[in-house]
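Peer 1: Got a structure here, written out as structure tokens. Questions coming.
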Amino acid sequence: MATKPRQPKGELVSRAIAMPADTNANGDIFGGWVMAQMDLGASVVARRVAKRRVTTVAVDAMSFLYPISVGDLVSCYAQLMQQGNTSMKINVEVWVERNIAIDPHCTTEAIFTYVAIDENGRPVPICLR
């Protein structure tokens, strides 16, 4: 019996095309660019949950599984894993489509922690409305 291919976890929160300006010295897409895309995507979920301003306070378990190339369609999927009084953990996966002949595959995974904050940057309880 064939195993079902892995599917993205969470909702699609961002999509971008990797460009030449985003490459490192090896010609692959710079890990910092990938991490920035993940942070932006995860913030979509965090803001929806908190219903207010949020800030990134930690990134755990960042795993770069495969390189990303110029021209790849980079999609970020995110889902709420855990919610506390002021903080939340968001799981983020980066999936890449290289061309129509190759199935999308997960290239990067991480867990981002966000905290709900007030206008002065102080932690506040997550709204429950």
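The values are calculated or read from the model by the stated rules, or taken from the named source; none is laboratory data. Predicted model only: the values in this text are computed from it and were never measured. So basically every Cβ, Gly included, is an ideal-geometry build from the backbone, and we count neighbours across all protein chains shown.
Peer 1: Pairs, please: C-beta under 6 Å, at least 6 apart or cross-chain, first residue closer than 14 Å to V57 by Cα and in the stretch 112-126, second of a type outside the set (D, E, K, R) and part of a loop (DSSP other than H, G, I, E, B)?
Peer 2: Filtered contacts from the stretch 112-126: V115/T86; A116/T86; A116/V124; A116/I126; P123/T86.
Peer 1: Ok, one more. Filter the stretch 32-84 down to residues that are polar (S, T, N, Q) and within 21 Å of H105 (Cβ to Cβ) and give me whichever is nearest to the chain's Cα centre (by Cα).
Peer 2: Of everything passing the filter in the stretch 32-84, Q37 is nearest to the chain's Cα centre (by Cα).
Peer 1: With respect to R6, is the statement that it is over 30 Å from P125 (Cα atoms), outside any helix (DSSP H, G or I) and touching a residue at least 12 places away in the same chain (Cβ under 8 Å) true?
Peer 2: yes
Peer 1: Look through the stretch 81-103, keep the residues that are touching a strand residue (DSSP E or B) at 6+ places or on another chain (Cβ under 7 Å), among the polar types (S, T, N, Q) and more than 17 Å from Q7 (Cα to Cα), and return whichever of them is surrounded by the fewest Cβ atoms within 10 Å (Cβ to Cβ).
Peer 2: So, considering only residues that are touching a strand residue (DSSP E or B) at 6+ places or on another chain (Cβ under 7 Å), among the polar types (S, T, N, Q) and more than 17 Å from Q7 (Cα to Cα), the one surrounded by the fewest Cβ atoms within 10 Å (Cβ to Cβ) is Q82.
Peer 1: So I29 ticks every box in (1) under 15 Å from the mean Cα position of the chain (by Cα); (2) of a type in the set (A, V, I, L, M, F, W, C); (3) at pLDDT 95 or above but one. Which box is left unticked?
Peer 2: Of everything listed in (1) under 15 Å from the mean Cα position of the chain (by Cα); (2) of a type in the set (A, V, I, L, M, F, W, C); (3) at pLDDT 95 or above, I29 misses just condition (1).
Peer 1: Of a type in the set (S, T, Y) and under 30 Å from P5 (Cβ atoms), is that true of T108?
Peer 2: Yes: the conditions hold for T108.
Peer 1: Name the one entry in A42, A78 that is closer than 17 Å to Q7 by Cα, of a type in the set (G, A, S) and surrounded by 14 or more Cβ atoms within 10 Å (Cβ to Cβ).
Peer 2: Answer to the selection: A78.
Peer 1: Output yes when any residue across the stretch 70-78 is within 30 Å of I126 (Cβ to Cβ) and not in a strand (DSSP E or B), and no when none is.
Peer 2: No, because not a single residue in the stretch 70-78 is within 30 Å of I126 (Cβ to Cβ) and not in a strand (DSSP E or B).
Peer 1: Working only within the stretch 107-129, note down all residues that are surrounded by 17 or more Cβ atoms within 10 Å (Cβ to Cβ) and at pLDDT below 95.
Peer 2: I126
Peer 1: Out of T55, T113, I need the residue that is in contact with a strand residue (DSSP E or B) (Cβ under 9 Å, 6 or more places away or on another chain), assigned to a strand (DSSP E or B) and more than 20 Å from G10 (Cβ to Cβ). Which one?
Peer 2: T55
Residue-wise test of (1) modelled with pLDDT under 95; (2) of a type in the set (D, E, K, R); (3) under 16 Å from F64 (Cα atoms).
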position	(1), (2), (3)
K4	yes, yes, no
G10	no, no, no
A18	no, no, yes
N24	yes, no, yes
A36	no, no, yes
D39	no, yes, yes
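Peer 1: Just give me the residues in the stretch 59-72 being surrounded by 15 or more Cβ atoms within 10 Å (Cβ to Cβ) and of a type in the set (A, V, I, L, M), in sequence order.
Peer 2: V59, M62, I68
Peer 1: Any residue that is under 19 Å from T113 (Cβ atoms) and of a type in the set (S, T, N, Q) - is there at least one of those in the stretch 16-36?
Peer 2: No: the stretch 16-36 contains no residue that is under 19 Å from T113 (Cβ atoms) and of a type in the set (S, T, N, Q).
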